[in-house]
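Taken together, the values in this text are just the output of simple stated rules run on the coordinates, not laboratory data. As the structure is a computational prediction, the values presented were derived from the model and not from experiment. Glycine also receives a Cβ, built like all others from the backbone with ideal geometry; neighbour counts cover every protein chain displayed.
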């Protein structure tokens, strides 16, 4: 049986690589060695990776197809962005405070988790194509409702309307903070790529800890055989809801991170195409592979920028690369070759981790 107190060396490698990457880029950026456009690209990569990993939990480990992930991202973006604005206006934490950022991410994640729970109550009784269609519908419902949402603030507090700006009834000096199709405005850009990559490590830590736990094994048992899982007393609804809510919360935090990178967020940014793009990250990286989701999200965000030199044929080359990667990842010989290369590259790190683990075990025995 797996020792739950130990983490696989592969998980350590994920944390190590991302941490080193973040530290190196941070030092380079401090000297002005990274252009502003490149910093924005790194921020896009960070929240794309978080979204891919969170969806991989539902698609890969739970075995259910969800097409409403952009809806949870939308909730997190609006709630997290507006919480940051309210905190800044109150002047309690400072405009660029890390505490402000942390609170916004947490509140955005909690709001998305609540939506995930409410949606999960009816949706998780379904499975297969039916679940995919209903999650897609809920994602569109969330986007449409927020598209009609108007929120303002004056001395009397918050005013909310689903009609128009005039229906808010703001007094003179009042300020609109959400303007329907125009979106949420005046959001302070207080996030950086460093925060994004730290959030990636936290996300991986949460998911790997869950997967290596008793609850994680129950979730994978449901994926492998639902009837067999029920026969041994596993509550299918409970564990499916757990995976779905955690995935939604992480997507909400990613949405808040997205909002805090820009000054304006509009509902049209969280449409059906966004959900499909996140799903492409997961499928391209290999369903159930967290490392694959991380790599594919980073590559697919970076690739269009690298292909700007061939602007006319950029999307054609992009599509060809996608097809080629899917063919290679479904070829056993190619997978064995890639796995062999990865084993050789990570051999030194594995030796260090195993040596440290053995040393700690010897110290415990001596004590």
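What shape does the stretch 88-211 have by the C-alpha gyration tensor, where a ≥ b ≥ c are the square roots of the eigenvalues, rounded means a/c under 1.5, and otherwise prolate means a/b greater than b/c and oblate the rest? Could the numbers behind the result be given before it?
On the way: a/c = 2.71, a/b = 1.22, b/c = 2.23.
Because a/c hits 1.5 or more and a/b fails to exceed b/c, the stretch 88-211 counts as oblate.
Can you put 127, 156 in order of Cβ neighbours within 10 angstrom, beginning with the fewest?
Working: 127 15, 156 10.
Sorted ascending by nearby Cβ count, the order is 156, 127.
Multiply the residue gap between residue 198 and residue 167 by 0.36 nm, knock off their C-alpha separation, and tell me the result in nm, one decimal place. Before the final figure, lay out each step's value.
Numbers: separation 31, 0.36 × 31 = 11.16 nm, distance 4.17 nm.
Length gained, residue 198 through residue 167: 7.0 nm.
At R0 = 30 Å, how high is the FRET efficiency between residue 328 and residue 214 if r is their beta carbon distance? Nearest 0.05 is fine. Each step should come with its number before you reach the end.
Numbers: r = 36 Å, r/R0 = 1.20.
Computed FRET efficiency for residue 328 and residue 214: 0.25.
Highest GNM mean-square fluctuation, the chain, Cα pairs closer than 10 Å: which of 250, 276, 160?
160
Taking 51 Å as R0, compute the FRET efficiency from the Cβ-Cβ separation of residue 99 and residue 336 and round it to 0.05.
For residue 99 and residue 336, the calculated efficiency is 0.60.
Order these by the 10 Å Cβ neighbour count, fewest first: 18, 50, 246. List each step's numbers first, then the result.
Numbers: 18 18, 50 28, 246 22.
Ranked by crowding around the Cβ, least crowded first: 18, 246, 50.
What FRET efficiency comes out for the pair residue 15/residue 160, r = Cβ-Cβ distance, R0 = 30 Å, nearest 0.05? Kindly include the intermediate steps, with their values, before the conclusion.
Working: r = 42 Å, r/R0 = 1.39.
For R0 = 30 Å, the calculated efficiency reads 0.10.
Using only Cα atoms, locate the centre of the stretch 217-234 and the centre of the stretch 151-200, then give the distance between them in Å, rounded to an integer.
Between the Cα centres of the stretch 217-234 and the stretch 151-200 lies a distance of 44 Å.
Relative to the longest principal axis of the C-alpha atoms of the chain, give the angle of the C-alpha long axis of helix 236-259, reported between 0 and 90° and rounded to the nearest 10°.
The answer is roughly 60 degrees.
For the chain, with a Gaussian network of springs between Cα atoms less than 10 Å apart, report the residue from 97, 56, 275 with the top mean-square fluctuation.
97
Please find, in a Gaussian network model of the chain (springs between Cα atoms separated by less than 10 Å), the residue of 234, 133, 34 whose mean-square fluctuation is greatest.
With Cα springs under 10 Å in the chain, the top fluctuation among 234, 133, 34 is at 34.
Just to be sure I understand: of the beta bridges DSSP finds with both ends in the chain, what percent are antiparallel, rounded to 5? Write out the running numbers ahead of the final one.
Working: 11 of 11 bridges.
Bridges in the chain are about 100 percent antiparallel.
Would you mind classifying the chain by shape? Square roots of the alpha carbon gyration tensor eigenvalues, ordered a ≥ b ≥ c; an a/c under 1.5 is rounded, otherwise it is prolate if a/b is larger than b/c and oblate if not.
On the way: a/c = 1.56, a/b = 1.39, b/c = 1.12.
It is prolate, given that a/c is not under 1.5 and a/b is the larger ratio.
Under 12 Å from a point placed 7 Å out from the Cα of residue 237 along the Cα-to-Cβ direction: which residues of the stretch 117-137 have their backbone N that close?
Answer for the stretch 117-137: 121-126.
Can you tell me the relative contact order of the chain? Whole percent, Cα pairs under 8 Å, sequence separation 6 or more. Provide the component values of the computation, followed by the final result.
Details: 526 pairs, mean separation 108.6, N = 367.
That works out to 30 percent.
In what sequence do 281, 313 fall when counting other Cβ within 10 Å, fewest first?
Values: 281 25, 313 11.
Ordered by Cβ neighbours within 10 Å, fewest first: 313, 281.
As I understand it, the value is the acute angle between the Cα axis of helix 314-329 and the longest principal axis of the Cα atoms of the chain; what does it come to in degrees, rounded to 10?
40 degrees
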